[in-house]
Structure formats: structure tokens, C-alpha cells
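Enquirer: This is the structure I want to talk about, given as C-alpha cells.
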Amino acid sequence: MKNILATFIIFIGAFTPVSAVAEEEVRILFVGNSYTGGIRKAFSKLVAASPEGSAVKIEYISPGGRTLASHLKNPSVTQKITDGKWDFVVLQDQSQTPAVFPDKFKNAAIGLDKLIDASGAKTVFYQTWGRRDGDKRNIKRFPDYQSMQDALSKNYTSVAKECDAILAPVGDTWAIVRKVDPKLGKALYAGDGSHPSERGAYLASCVFYATIFAKDPGTIKYDSRITKKEMATIQRAARNTVGVIEKSAYPAGQKLPSKSSLIRGRGNKGAGYFIDDCSTFLSLTE
């Protein structure tokens, strides 16, 4: 993984396709808190059922309530990042911090990103979601879901861009589901109106799979109590925000070059990738 040429980094998502080197282990470290712990079972299950599953190793650091600033000050966490030979390190801040204390979030994120870059891994920012009924502890600033989501989306996107990092747009996907299916949108939350329910965890997992592997999570069989209709809505929203193509991220029978870099579908060229010399673009949409 680490010798793959990363040609284009797009702030809302950039990929080094693991399918090009499926024979090598893909190592992913999540650093966050209970929002990360809340999706651990679902994401591990989804990846295990995927074609990449046997070649993926995932570890999680997710003590409740921790901020990125506290992780940055923790030698055991920073050593885990620098010594782990990871391919991707996913960063998730405390659910309110990026909205309420954007500078604190930014400084910690940049500090961790520098460690990740130096280790040879790629940073992925876990963009979280607004609380179901707004932030009751900051009710004047965020009286409802949308005001909090707007702040989270803006600040995660800004920091990902500044760090030349990958953005996993979980919050933006969450917003789409709330809009197209309000009943399902509310069901994404656990009873506290903050943490992810089984449906919310599946949504986040779909976004991470699409972001990291550049493939449609809808192709993976996932046994759960979530209805097929609900899963289809979540999968469609994830494809929309991440920019992967339905059914398969790559044309049938077409192999990726050994060194390539997949780019997001929001660029002016559409979804596709550049081959080794970066002079030839192969479209996935034409």
C-alpha cells in the first residue's frame, strides 16, 4: 500500500485503491471516542463480508468523550500512530468540539495529521453528525439539528482541505437520509439523540467502506434487522456523498494499473483514475 503513488488529494475524498494491491494487508486505525466505538462492530462486520475482508486489519482507540487534543497529548496514542505501519488513520473528535471550539479542533487535527503523514499513512477525517434535536448545552448557537450539522460539515471539510487529507462525509450522508426519509433519519440515532443506532452505525460503515475502498457498499451482503428499503436509502446516500458508482467502482473486467490514484466524482473530469505517468485519465462514468 505505501508504495502506491498518491497523485491527487481532493479535500472531500481521495483514494489509493486497495483493489490494485489486494494481495497486501490494508491496515486501518481509528482514533476517536464513543462515536467511533459505536460503529466498530458494524464497520468490522461490513469489511469482513467484503472482497477485501481477509486482507484488512482494523484497530480502534475509542474511549468515551475523548477529544483529538487529548489523543495528541497521549504518548500511547501517538506511539500507536507512528509505530503501527498503518495505511489509513481515521480521526474523530468529540461530537461537539469541531462546532463549538473549531480552533481547538483544528490545532489538534493538524498536530495528529503531521504525525500520520510522517508515518507514511493517510489521514481520514470522520465527519460526524449533528445531534437529533440540536445541542442542548449550546442551545443558543445550535438550537436544532441543521445548525449544528452545518457547523460540523464546514469545519471538518475545512480542516481536511488544509491537511490535504481524506474526508469521510458521514455527517453529510446523515443529512441526506434525514431529508429524503425523515422517519429513517430519526432512526439513525440511539435513544439519547446523539450516538448512532444500528442504522446509524451501518450508514457510517457504508461511508467508510466507499471512502477507503472506492467501491459501492451495496454490493456487500449485510445481515441485520435493518430493512432492505432502509439499507438501499442509506447506500444511495453514501454513493452520492462519496462519489462511487452503483454496483461496482470499476468497469467489469477492467484491471487497475499497479500504480494509480482514484479521484472523486465531483471533479470536472468525473470519477476515474490517472495511470502511472499521470497523463492518461481513465473515466469510470463514460
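The values are calculated or read from the model by the stated rules, or taken from the named source; none is laboratory data. Here the structure is a predicted model, which means the values were calculated and not measured. Reconstructed Cβ throughout: ideal geometry from the backbone, glycine too, with neighbour counts over all protein chains shown. Side chains included, ligands, DNA and RNA excluded: accessible areas come from the protein's heavy atoms. Shrake-Rupley method; radii C 1.70, N 1.55, O 1.52, S 1.80 Å.
Enquirer: Filter region 103-153 down to the residues that are closer than 28 Å to I58 by Cβ, open to solvent by 70 Å² or more (accessible area, probe 1.4 Å) and of a type outside the set (K, R) and list them by number.
Expert: N107, D117, A118
Enquirer: Residue pairs, Cβ under 6 Å, 6 or more apart or interchain, first in region 44-60 and closer than 14 Å to V89 by Cβ, second open to solvent by 20 Å² or more (accessible area, probe 1.4 Å) and at pLDDT below 95. List them.
Expert: K57/E25
Enquirer: I'm told W86 meets every condition in (1) part of a helix (DSSP H, G or I); (2) open to solvent by less than 70 Å² (accessible area, probe 1.4 Å); (3) in contact (Cβ under 8 Å) with a residue 40 or more places away in the chain except one. Can you identify the failing condition by its number?
Expert: (1)
Enquirer: In this structure, does A187 turn out to be modelled with pLDDT of 95 or more and over 21 Å from S34 (Cα atoms)?
Expert: no
Enquirer: Another one. Kindly indicate the residue of region 177-216 that is crowded, with 24+ Cβ neighbours inside 10 Å and small (G, A, S) and also farthest from Y145 (Cα to Cα) among those meeting that condition.
Expert: A214
Enquirer: Still on this model: When region 174-223 is examined, which residues are found to be outside any helix (DSSP H, G or I), on the phi < 0 side of the Ramachandran plot and touching a residue at least 60 places away in the same chain (Cβ under 8 Å)?
Expert: Listed by number, the residues that qualify are A190, S194, H195, P196, K215, I220, K221, Y222.
Enquirer: Another one. In the set G120, G130, which member is of a type outside the set (F, W, Y) and touching a residue at least 60 places away in the same chain (Cβ under 8 Å)?
Expert: G120
Enquirer: When you scan region 254-262, do you find a residue that is modelled with pLDDT of 50 or more, touching a helix residue (DSSP H, G or I) at 6+ places or on another chain (Cβ under 8 Å) and not in a strand (DSSP E or B), even just one?
Expert: No: region 254-262 contains no residue that is modelled with pLDDT of 50 or more, touching a helix residue (DSSP H, G or I) at 6+ places or on another chain (Cβ under 8 Å) and not in a strand (DSSP E or B).
Enquirer: Among the residues of region 51-58, is any of a type outside the set (G, A, S) and crowded, with 20+ Cβ neighbours inside 10 Å?
Expert: Scanning region 51-58 turns up no residue that is of a type outside the set (G, A, S) and crowded, with 20+ Cβ neighbours inside 10 Å.
Enquirer: Specify the residue that is modelled with the lowest pLDDT; the eligible residues are those in region 7-50 that are under 29 Å from A108 (Cβ atoms) and open to solvent by 60 Å² or more (accessible area, probe 1.4 Å).
Expert: Among residues in region 7-50 that are under 29 Å from A108 (Cβ atoms) and open to solvent by 60 Å² or more (accessible area, probe 1.4 Å), the one modelled with the lowest pLDDT is F8.
Enquirer: Could you run through region 109-155 and say how many residues are in contact with a strand residue (DSSP E or B) (Cβ under 9 Å, 6 or more places away or on another chain) and polar (S, T, N, Q)?
Expert: Total meeting the criteria: 5.
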